[in-house]
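Derivation of every value follows stated rules applied to the coordinates shown; laboratory data play no part. Here the structure is a predicted model, which means the values were calculated and not measured. Positions of Cβ are generated from backbone atoms using ideal geometry, with glycine treated the same way; all protein chains shown enter the neighbour counts.
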Amino acid sequence: MSIDDLMAVRGALGACGSSRRCATTCARSSTPRAPHPGCGCGAGPRAAVHLLLAAKALAVLMGRPFVTPDDVRKLAGPVLRHRLLLSPDAEIDGATPQDVLDEIMQGVEVPR
């Protein structure tokens, strides 16, 4: 991919649509309604914004003009896992941020 290709993809992000349900999925993924016991500190609202931007980039690279909830789920790990701080109990139990994120994502319902 050339620099021109990358700049074209970057420009296409503004034209890529995302539904309210995708934005809600991003928000619920980064800030779950019920705190997870293994999560000492969640990812937060800025992480939700970046998750949505990453999902838009994936949609554009896949040739779609819109984001799907599956795009959000696919990128939740790479975007959010480094932002989660585990609780001391989770660390002692040997959990990883990806383990906690997987559990959080299982509890995130995609709005209809």
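Step by step: first the residues of the range 1-49, then only those that are of a type in the set (Val, Ile, Thr) and assigned to a helix (DSSP H, G or I), then the one that is surrounded by the fewest Cβ atoms within 10 Å (Cβ to Cβ). Which residue is that?
Going through the qualifying residues, I end up with 3.
With respect to residue 58, is the statement that it is free of Cβ contacts under 8 Å to residues at least 40 places away in the same chain and in a helix (DSSP H, G or I) true?
So residue 58 passes the test.
Could you identify the single residue in 81, 64 that is of a type in the set (Lys, Arg), surrounded by fewer than 18 Cβ atoms within 10 Å (Cβ to Cβ) and under 22 Å from residue 107 (Cβ atoms)?
The match here is 81.
Tally time: how many residues in the range 84-112 are outside any helix (DSSP H, G or I), crowded, with 16+ Cβ neighbours inside 10 Å and either more than 16 Å from the chain's Cα centre (by Cα) or of a type in the set (S, T, N, Q) (or both)?
3
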